1. Working only within segment 22-34, note down all residues that are assigned to a loop (DSSP other than H, G, I, E, B), of a type in the set (Val, Ile, Thr) and open to solvent by less than 80 Å² (accessible area, probe 1.4 Å).
2. Scan segment 35-66 for residues that are open to solvent by 80 Å² or more (accessible area, probe 1.4 Å) and either among the small types (Gly, Ala, Ser) or assigned to a strand (DSSP E or B) (or both) and jot them down.
3. Just give me the residues in segment 1-21 being among the aliphatic types (A, V, I, L, M) and either open to solvent by 90 Å² or more (accessible area, probe 1.4 Å) or more than 19 Å from Arg56 (Cβ to Cβ) (or both), in sequence order.
Amino acid sequence: MIPLRRLNNQPIIVNCDLIESIESTPDSVVTLVSGNKLIVRDSLEEIRKKVVDFKREIYGPGVPPS
């Protein structure tokens, strides 16, 4: 689970295993495998880093970046 911020700065926790894609429009649009879309303030790079950090926390430092 990774923390993100909606456009109104409301925090939201997202299961990163359910992220299908992320677009920059210029806000980031996170599309989940369910088809739901979240518009967040976090940049593509910030989201990517949060996912990698979370995976490394769970699986250890040997996990290659996604």
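1. Pass one, segment 22-34, residues assigned to a loop (DSSP other than H, G, I, E, B): 25-27, 33-34.
From the residues that got through so far, the ones that are of a type in the set (Val, Ile, Thr) too are 25, 33.
Correct list: empty.
2. Lys37, Ile39, Ser66
3. Met1, Leu7, Ile12, Ile13
The values are calculated or read from the model by the stated rules, or taken from the named source; none is laboratory data. The shown structure was predicted, so the numbers you read here are calculated from the model rather than taken from an experiment. So basically every Cβ, Gly included, is an ideal-geometry build from the backbone, and we count neighbours across all protein chains shown. Protein only, heavy atoms only, side chains kept; ligands, DNA and RNA dropped before computing areas. Shrake-Rupley method; radii C 1.70, N 1.55, O 1.52, S 1.80 Å.
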